[in-house]
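The values are calculated or read from the model by the stated rules, or taken from the named source; none is laboratory data. Note that the structure is a prediction, hence the values are computed from the model and not measured. With ideal geometry, Cβ positions are generated from the backbone for all residues, glycine too; neighbour counts draw on all protein chains shown. Ligands, DNA and RNA are stripped out before the accessible areas are found, and what is left, the full protein with its side chains, is counted by its heavy atoms. Shrake-Rupley method; radii C 1.70, N 1.55, O 1.52, S 1.80 Å.
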Amino acid sequence: MKYCRFQSDFGPQYAEVADRNGTLWIERLLPPPEEDPWTKYSGEAQIDPIPLETATLLPPVIPSKIVCIGRNYREHAAELGNEVPKEPLLFLKAPSSLIAHKQPIHIPPISQRVDFEGELAIVIGKRCSKIGPDEDVRQHIRGYTVVNDVTARDLQKTDGQWSRAKGFDTFCPTGPVITDEIDPDSGIQVQTRLNGQLKQDGNTRDLIFTIPFLLRHITAAMTLFPGDLIPTGTPAGVAPMQSGDTVEVTVEGIGTLSNPVIVG
Ligand code: MG
């Protein structure tokens, strides 16, 4: 199933998204997931189907944390002059940086270089801690979505650690939907376009650390909760964005996350 969160006539709601001849439609309201106690389910209300692209979407998750993986594609590590890590490189992105499909990315005037990083992201469905070597990780995964891990590249270097460079407001575009209908272990295409021009073209079969490996590694350190978001790393081809640009990240089987870019 695919689902989204959107602004309905009666406030934020979750809804199933169905593919009708290649067009995605919001069709049926869903109860909020357990990480969202604030949304009042309007399930009794009938809604007329709405094309997904005409709806006002909201970020599809409310994560307690966003645990990112750095340098998880060999060619991307190389393009920034970094070694391939011996174990997954983890960092946290501020949940306050989340924005939805079509909302603008704000380039902070303090940075001279803000890059896109198109990524496949895992959405956790069940609280999990210390996942064992023989445990099936899939039972903890609700589905997958698209993330743009926007990065102030210059501040990432000068700060030494990455909280600010990765954590500015609007630096985590996410969506448009969550789906459980894909299998990243079998190879999923991850592409980023800047103003329509293809910049990144990777495949999850080239992940250095696989999704099961990542979840065991992360939960060895920290408990994951429903709604937690895990962007799995970006392929080669990262580049800066300017005011007036439009950046689109497409993950095969999920959809396209599109955001305009503005300064300030
Ligand atoms: Mg990244």
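Determine, for the chain, the count of lysine pairs separated by eight or more sequence positions (or lying on different chains) whose alpha-carbon distance falls under 19 Å.
Final tally of qualifying lysine pairs is 9.
Tell me, which longest segment in the chain has none of the chymotrypsin sites (Phe, Trp or Tyr not before Pro) that fall in DSSP loops with at most 16 further Cβ atoms within 10 Å?
Longest site-free region, per DSSP loop and neighbour criteria: 42-264.
Could you bin all the Cα-Cα distances of region 2-58 into 10 Å bins starting at 0 and give me the percent of pairs in each, rounded to whole numbers?
The distribution over region 2-58 is 25, 58, 16, 1, given as percents.
Can you order the peptides 92-101, 119-128, 15-24 by their average number of other Cβ atoms within 10 Å per residue, highest first?
Per-residue Cβ counts within 10 Å, averaged per peptide and sorted highest first, yield 119-128, 92-101, 15-24.
I'd like to know which of S243, M1, W25 lies farthest towards the positive end of the charge dipole of the chain, counting +1 on Cβ of Lys and Arg and -1 on Cβ of Asp and Glu.
Value computed over the given set: S243.
Compute the FRET efficiency between E87 and K130 as 1/(1 + (r/R0)^6), taking r as their Cβ-Cβ distance and R0 = 22 Å, and round to the nearest 0.05.
0.85
Kirkwood hydrodynamic radius, computed over distinct alpha-carbon pairs, for the chain: how many Å, to one decimal?
Taking the inverse mean of 1/r over all distinct Cα pairs, the chain comes out at 18.6 Å.
Hey, can you find the accessible area per residue of region 116-242 for me, probe 1.4 Å, expressed in square angstrom?
37 Å²
Points 7 angstrom from Cα along the Cβ direction at K157 and T54: gap in nanometres?
Placing both labels 7 Å along Cα→Cβ, they lie 4.7 nm apart.
Counting only protein heavy atoms and using a 1.4 Å probe, what share of the accessible area of the chain belongs to carbon plus sulfur, as a whole percent?
50 percent
Mean separation of Cα pairs under 8 Å and 6+ residues apart, divided by the residue count of the chain: what relative contact order is that in percent?
The normalised contact order for the chain reaches 25 percent.
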